[in-house]
Each structure stands twice: as structure tokens, then as C-alpha cells.
Amino acid sequence: MNRLKERASARSLREVMRHMRRIINAAAVVAALGVSAAAGAQSQRTLDVTAYGVSVRAGVALPLDSTLTDLAPTLIALGIEYQLNRPLLRGGETYFALDYWAKNLRFEKGTVLPLTINQRVYLNNESLRRNYYFFGLGVAFINVTSSDTAIAVRGGFGTELGPNTFAEIGGTLSDRAGGARANALTLQIGYRF
């Protein structure tokens, strides 16, 4: 009987301690929110959330590898770029590019994600409609029959269609990994922020 009482009191003590921890955690969260709100109210600066140096691209990828072609003759091609403040090579712009090629928008078997560092070189700087070529080096995350990575190279040509829009034709080549090669031609329209 004493053991039952001891167990019951130990169990109720644990429940009380859990309840106390929840109250203390809730009070700490409320206090942190109050302090951050008070600190934010004293600042006169506003947060600038404008995306500078970011570009997005969308279009199609035409696979050159037979395993990728078996998935679909054309793949969805999406890309995002981030331009560095200082170029690595003079006379152009250096940027990171992450692309996504797949037969649909689900991250499943049959996807390729090239991640490259690139250099963009303009051919005519004075024109309102500048033309350029680009080249890059990186890795391709290939997930066709299995998941693996391979070294990838990228290159192509582009033209500015307006102050923020552009069109590109590019090509990517890689070693075999994950059951395929990230070899494809891409046709994309993009927007630079």
C-alpha cells in the first residue's frame, strides 16, 4: 500500500513539474516577445526586404542523355541565381546558379539539380539590349536511378529583353552519376531583381 502511495505521489510530482516547466517556458516566450517588440519600437530603421542581385528563370530542358530522355523528352527547367557584389574575373559578373530539372515539380526520382559558380561577360555594354555569354563550373545532384553527384560545366548565351527581363539558351554537361548524366540544353526566360 505504501508503495502505491509513493508511486502515485511520484507520478503527481512529475506532472506538477511538467506543468511548471510549461508555465516557465510560456512566460519566457512572452517575455522575449515583449523585449523584442520594445527594442524594435525604439529603432527608426525599416527593414529592406528587396531582393538585390537575385534572378529567377523558367523554361524547358532538352535532355541529351538517353536515361534522362527516357524520363521525358522535355523537362521543366527552373533556376535561381545570386550575383556576388564583386566579380571574380574583371569585365563581367560572377554569380551562383541553382537549377532544377524534372518531369514535374515534385522532388522525386528523375530530378537533376546543377549548382554552379558562373561568370557572365557582356558583349556590348552601351546598348539598352545587352547580349552576353556565360560559363560556369560546379556539381550536379542527379537522382534518376540512385542519388549521386558529379562535376558539371555550364555555358551559354543570353540577351536582355528589357530592364529586368532576359532570355538564355544554355548547355550543361556532367559525368555520369545517379544513373544519368546532367547533359541538357536549356531555353529559359528570366527576371532580375
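The values are calculated or read from the model by the stated rules, or taken from the named source; none is laboratory data. Fair warning: this is a prediction, and the values are worked out from it, not measured in the lab. No Cβ is skipped: glycine too gets one built from the backbone with ideal geometry, and neighbour counts run over all protein chains shown.
Here is how the numbers come out for the structure above:
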read-out: Of all residues making up the stretch 160-170, the number that are part of a strand (DSSP E or B) and loosely packed, with under 15 Cβ neighbours inside 10 Å; value: 2
read-out: Single match in GLY179, GLY110, GLY155 (criterion: crowded, with 16+ Cβ neighbours inside 10 Å and either at pLDDT 95 or above or outside the structural domain of TYR95 (by TED's automatic domain parsing) (or both)); value: GLY155
read-out: Pair list, Cβ < 6 Å and 6+ apart or interchain, from the stretch 49-78 residues that are in the same structural domain as ALA102 (by TED's automatic domain parsing) to residues that are in a helix (DSSP H, G or I); value: PRO63/THR69
read-out: Test: residue in the stretch 98-106 that is of a type in the set (Lys, Arg), in contact with a strand residue (DSSP E or B) (Cβ under 9 Å, 6 or more places away or on another chain) and free of Cβ contacts under 8 Å to residues at least 24 places away in the same chain; value: no
read-out: Some residue of the stretch 42-55 being modelled with pLDDT under 80, more than 30 Å from ASN124 (Cβ to Cβ) and assigned to a helix (DSSP H, G or I); value: yes
